[in-house]
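A short worksheet on the structure shown next.
The values are calculated or read from the model by the stated rules, or taken from the named source; none is laboratory data. These numbers come from a predicted model, not from an experiment. Neighbour counts run over all protein chains shown; Cβ positions are idealised from the backbone, glycine included.
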Amino acid sequence: MNERGGIVVLDFGGQYTQLIARRIREQQVFSAILPCWAALEEIRKLEPAGVVLSGGPSSVYDPQAPACDPAVLGLGVPVLGICYGLQWIAHTLGGQVRRAERPEYGRAELKIQNGSELFRGFPRQLKIWNSHGDHVLALPAGFRITGQTNNAVSAAEDPARKIYAVQFHPEVQHTDRGTEILQNFIFRICGAQPNWSGASFISGTVEAIRRQVGEGRAICALSGGVDSAVAALLVHRAIGDRLSNVFVDTGLLRKNEYQQTLELLRERLGLNVLGVPAAERFLARLKGVTDPEEKRKRIGAEFIGVFAEKARELGGARFLVQGTLYPDVIESVSVRGPSATIKTHHNVGGLPADMPFTLVEPLRDLFKDEVRRIGRELDLPEEMLTKHPFPGPGLAVRLLGEVTPERLATLREADAIVVEEIRRAGLYEKVWQAFAVLLPVRSVGVMGDERSYGFTVAVRVVESEDAMTADWSRLPADVLERISTRVVSEVVGINRVIYDISSKPPSTIEWE
Ligand code: XMP
């Protein structure tokens with residue numbers, strides 16, 4: 001499969017590590033991120049054409065500084081160090097790295113020299129993007145400088161050992177011709193082939209799942225979202241009906257979501273899905289609870305309870321399929337070590353000890369838009385591909401205060417109006433998420449000739465690339481007006497609508 005011959009990115013905890021991997025995949029070359037401390041064997045197993053050492057927030061001379069096995073530099077394939085990667089190479093091979101008198105953040109001018117393959121065909125000056133407080137004072141023996149800024153060595157290499165390094169960030173858009181620098185590394189220097197595509201990902205992954213699961217059985221908790229559906233489809237392709245799927249109605253889903261999703265999964269995707277109506281259990285568990293974390297914990301625990309029961313009933317599954325994506329595992333992959341901060345609802349680490357599962361996570365190297373592309377190749381219906389993300393704890397975290405059936409019904413109606421109007425305005429696929437939040441705040445209004453004292457609905461519509469950061473959507477005033485008018489007139493008990501204009505950070509997308 002084409003996952004061999006790709007580029008391995010070793011993560012030193014840099015904020016752009018995932019961006020590096022993504023830029024490589026945009027070149028149709030497979031790229032996997034491994035923690036910097038990955039064993040040499042693990043790297044070798046992927047048979048990479050090259051290795052990239054990412055940036056990172058530490059200083060190489062700190063006692064706790066993250067490091068990789070120095071033998072990575074002698075693997076026989078080209079290595080590209082970026083930022084901390086460059087400093088780590090210099091430090092490890094006998095050069096000197098110090099705190100810079102003039103740290104470089106943001107734009108700078110790179111003066112290119114000595115004809116590096118990385119900069120082949122480039123002018124002598126290039127606008128680049130920096131983010132570093134340390135710099136290299138002395139290069140290791142055998143290295144030559146290939147680029148400098150006014151303040152520091154900015155690119156260096158030892159072509160004989162196939163080691164290349166840049167202090168700036170070619171992966172960010174602010175660096176001019178950054179993509180070409182990466183292309184030069186991937187294709188000219190590493191000789192990688194652009195043969196990684198959706199189709200090759202599917203065939204390679206199906207093959208890998210078959211190898212992993214063998215003759216065993218697997219079980220998957222579907223959430224109704226695109227990630228778990230794509231994961232299930234891949235596993236279904238690999239092992240057919242030895243995969244059983246469970247879709248739980250927590251009572252916290254959107255209007256009509258349970259029935260519609262169940263039909264779609266069964267009839268359009270041909271998946272073997274057990275629907276579990278469990279709303280009452282969840283609501284009972286949430287009675288009287290208002291604290292957001294407590295809500296999340298109880299929903300998570302109840303979910304695991306329901307799932308464990310059904311898994312036992314279905315019997316014999318040793319493998320658990322999860323639609324975990326790269327942003328979900330980023331913390332556990334990072335240099336801080338396996339902290340496993342996968343989102344509560346996806347995290348089945350809390351499964352009872354008598355149900356030992358081996359995880360099957362076919363999407364753990366991918367980003368959401370890549371999953372959507374794979375889903376499209378698997379003929380997932382467009383309505384599911386473009387569906388907005390929905391949190392595991394569902395409407396419970398969009399309903400501030402106690403979760404009751406009445407309040408859920410109110411929120412469902414308001415939420416359905418928000419989504420309907422966003423769709424009608426042709427904006428559904430342009431925004432990341434659009435939803436209503438029910439606030440426990442009452443205010444005075446006048447309806448007809450009467451005083452009202454109703455509750456407030458907040459409308460949240462955000463734009464984002466990966467949910468790690470987000471900005472509120474500048475919706476046209478007439479769309480906001482239609483939403484507001486409809487919510488107040490159609491949803492009983494609501495007399496005020498507000499629009500959330502907070503970005504993430506410092507707010508989050510969900511309110512709880
Ligand atoms: P926040 O609110 O942290 O949300 O900005 C980021 C993205 O994650 C979704 N989200 C969740 N997804 N389980 C999930 O599967 C959860 O517990 C959960 N909480 C938040 C949220 O909708 C947004 O897209």
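Considering (1) within 16 Å of the ligand (Cβ to nearest atom); (2) modelled with pLDDT under 95, say which one E450 fails and leave the rest.
(1) is the only condition that E450 fails.
Which of the residues that make up the range 466-477 are touching a residue at least 12 places away in the same chain (Cβ under 8 Å) and either farther than 15 Å from I501 by Cβ or more than 16 Å from the ligand (Cβ to nearest atom) (or both)?
D466, A467, M468, T469, L475, P476
Using beta carbons and a limit of 9 Å, which pairs, at least six apart or on different chains, have the first residue in the range 229-241 and under 13 Å from G375 (Cα atoms) and assigned by TED's automatic domain parsing to the domain that holds V273 and the second one at pLDDT 95 or above and of a type in the set (D, E)?
none
In the range 354-409, which residues are small (G, A, S) and either within 16 Å of the ligand (Cβ to nearest atom) or over 20 Å from G198 (Cβ atoms) (or both)?
G392, G394, A396, G401, A409
Residues of the range 487-509 being surrounded by fewer than 18 Cβ atoms within 10 Å (Cβ to Cβ) and either among the basic types (K, R) or within 16 Å of the ligand (Cβ to nearest atom) (or both), which ones?
Correct list: D500, I501, S502, S503, K504, P505, P506, S507, T508.
Any idea which of (1) modelled with pLDDT of 85 or more; (2) within 14 Å of the ligand (Cβ to nearest atom); (3) part of a helix (DSSP H, G or I); (4) assigned by TED's automatic domain parsing to the domain that holds K297 is the one T324 doesn't satisfy?
Against the list (1) modelled with pLDDT of 85 or more; (2) within 14 Å of the ligand (Cβ to nearest atom); (3) part of a helix (DSSP H, G or I); (4) assigned by TED's automatic domain parsing to the domain that holds K297, T324 comes up short only on (3).
One line per residue, one yes/no per condition, for (1) under 24 Å from the mean Cα position of the chain (by Cα); (2) over 26 Å from G74 (Cβ atoms); (3) away from the ligand (no atom under 16 Å from the Cβ):
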position: T149; (1), (2), (3): no, yes, yes
position: E157; (1), (2), (3): no, no, yes
position: E171; (1), (2), (3): yes, no, yes
position: N195; (1), (2), (3): yes, yes, yes
position: C220; (1), (2), (3): yes, yes, no
position: R254; (1), (2), (3): yes, yes, no
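Go through the range 183-301 and tell me which helices (runs of 4 or more DSSP H), entirely inside it, have 3 or more residues that are of a type in the set (S, T, N, Q) and either at pLDDT 95 or above or surrounded by 22 or more Cβ atoms within 10 Å (Cβ to Cβ) (or both).
The qualifying helices (runs of 4 or more DSSP H) are 257-263.
Given the criterion over 30 Å from D241 (Cα atoms) and aliphatic (A, V, I, L, M), identify the matching residue among I189, I202.
Answer to the check: I189.
Taking the condition more than 30 Å from E280 (Cα to Cα) and more than 14 Å from the ligand (Cβ to nearest atom), does I417 pass?
For I417, the condition - more than 30 Å from E280 (Cα to Cα) and more than 14 Å from the ligand (Cβ to nearest atom) - is not met.
State the number of residues belonging to the range 129-162 that are touching a helix residue (DSSP H, G or I) at 6+ places or on another chain (Cβ under 6 Å) and touching a residue at least 60 places away in the same chain (Cβ under 8 Å).
1
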